[in-house]
Each structure stands twice: as C-alpha cells, then as structure tokens.
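Okay, so here's the structure we're looking at.
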C-alpha cells in the first residue's frame, strides 16, 4: 500500500478512456481538489495503442497532471505505473502496446474540463 501511494505522488489522474469500435468514447473522471491541482504544472495525454487477440488495433488513454514533461524518463515511468492505477488500463498489463505522450498544457494553463 505504501509503495502504491508513494508511486502516485508524481501525478494526478484526471480522466481515463476507452475508444469504442463504434467511434464513441467511454470514460471515467477522477475529481481532484484545487489544492492538488496546484501541486502540478503539466497536463499530459497518454494514449495506449494495442492489438487484441483477433488482430484488431485499439486505443485507450488517460489525462493526468504532473510535474514531468512529455518525452521525459519520468513520464515514461508514469505511463507504466498508470496500468496499475486505472481499471480501464489494467487490461494492458503485460501486453505489448505503443504509448504516445503529449503535453496538453503547461504552467498556468487553464484548468482542463470535459468541455
């Protein structure tokens, strides 16, 4: 438990999503208090592309807030730890996938919303 808690101190989960075959998105929201948002300064989108048993390509992903920048070793480590945190991403644990990490906003950027 202590390891799980300490491993989440460098990012704040906000959303995670599955891209469905019909083109829709199914997602979960993790509401966080303002004081936690103020601890971090980069919004990152992480998209995981994987192939299922039938050979079909699928995408799922998450939005986090962190102090790490996209392309950093820290962001890469976070992308692996997120598989343990998110029920939507847990299905990828141990499966090969390609991970795309992009910065959505940084510094005093406006707070991200579902809109």
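Please treat every number below as a calculation from the coordinates, not as lab data. Computed from a predicted structure; not experimentally measured. Cβ sites come from the backbone with ideal geometry, for glycine too, and all protein chains shown count toward neighbours.
Values computed for the structure shown
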quantity: Residues listed by number, the range 51-65, amide nitrogen under 15 Å from residue 20 label point at 7 Å toward C-beta; calculated: 59-60
quantity: Cα-based convex hull volume of the range 2-106 per residue, rounded to whole Å³; calculated: 106
quantity: Additional length obtainable on full extension of the chain from residue 34 to residue 57, 0.36 nm per residue less Cα span; calculated: 4.6 nm
quantity: Difference of contour (0.36 nm per residue) and Cα-Cα distance, residue 76 to residue 103; calculated: 8.4 nm
quantity: Computed label-point distance, nm, for sites residue 27 and residue 67 using a 7 Å Cα→Cβ extension; calculated: 2.7
